[in-house]
Amino acid sequence: MGIKRSTFYYQIKNNKDQKQQEGLLKEKIQQIAYQHPYYGYRRITAQLHREKVNINHKRVLRMMYQLGIQARIKRRYITTTNSKHNHQVYPNLIKDFLTTGINQVWCSDITYISILFGFVYLAVIIDIYSRKIVGYAIGKTLSPELAITALNMAIANRNTDKLIHHSDQGIQYTCKDYIKILKDNGIRISMSGKGNPYDNAFAESFIKTLKQEEVYLWQYETISDVIERISYFILDVYNRKRLHSALGYRPPEEFESLLTENASQESQIAKTLFV
């Protein structure tokens, strides 16, 4: 009949269905942007892919523009490190160190959080390979006990064999009680250069993320408010849901689970080969 083969397969497009699908897609983008105000179009695209939505980043960017969605502007970060002391300072052991697994290097830091009448403080410890927060503590003062509580939490839940603990030269990390705990657990001690935040970049990066994606979005009245919200952000959002580009757009806990699963499979293969 002289008709092209492609004509047989042609289907009339339903404009109504297309509009409905686009509307649902925009709703998903709005929901992700609301839950993660600092996600750009690449992270939103990655999250959509995780939800089995087939879409490229250019279309996501175009829809975000149509919806007026834009990642929030980052605020300036202020350091709270007090390195004016006579305690022993340790050399930087991680400057050219390449991590190949979890529990090889932990980084620590402390930051402040505003409440209605003053400030409270947060100490965190992060595994730089998986980006997971492995220990944290919230308190009313910048005492060494704050950092020690976070450290004890991390040690209780992780393997410290052949571990390096990295921090700034703050008095909380150089005090004798903190150093004793590290040495008693066989943990090697590393510290960044004085006044150089880039030597502790992983912890600094988490603090910025915390401020931008949680702290700046809330008005905390009491320390109880901070404990509730920050604990939720660290445990449920950051560790379990927030996508990290360095981890192949996976959350830290999912990334660590994959590491454990792969290690188990390799172990089973090795046993099979040597039986």
Subject >> Global size of segment 82-167 as Cα Rg and Dmax, reported in angstrom >> reply: 14.1, 44
**OP:** Could you order peptides 166-174, 255-263, 33-41 by the average number of other Cβ atoms within 10 Å of their residues, highest first?
**Re:** 166-174, 33-41, 255-263
Original post:
For K58, which aspartates and glutamates qualify as cross-link partners when the Cα separation must be under 15 Å and same-chain residues fewer than eight apart are set aside?
Top reply: E22
Subject >> At q = 0.12, 0.25 Å⁻¹, base-10 log of I(q)/I(0) for segment 169-268 (Debye sum, equal scatterers on each alpha carbon) >> reply: -0.65, -1.14
**OP:** Identify all aspartates and glutamates with a Cα-Cα distance to K26 below 19 Å; exclude those on the same chain that are fewer than 8 residues away in sequence.
**Re:** D17, E51
Original post:
What is the packing order of peptides 139-147, 182-190, taking the mean over residues of other C-beta atoms within 10 Å and listing the highest first?
Top reply: 139-147, 182-190
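Classify segment 177-232 from the C-alpha gyration tensor, please: rounded if a/c falls under 1.5, else prolate or oblate depending on whether a/b exceeds b/c.
It comes out oblate by the Cα gyration axes.
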**OP:** Grab the Cα-Cα distance for F97 and S143, subtract it from 0.36 nm times how many residues apart they are, and report the gain in nm with one decimal.
**Re:** 13.5 nm
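Any read-out appearing in this document is the output of simple, stated calculations on the displayed coordinates, not a laboratory observation. Owing to the predicted nature of the structure, the values given are computational and were not obtained by experimental measurement. Reconstructed Cβ throughout: ideal geometry from the backbone, glycine too, with neighbour counts over all protein chains shown.
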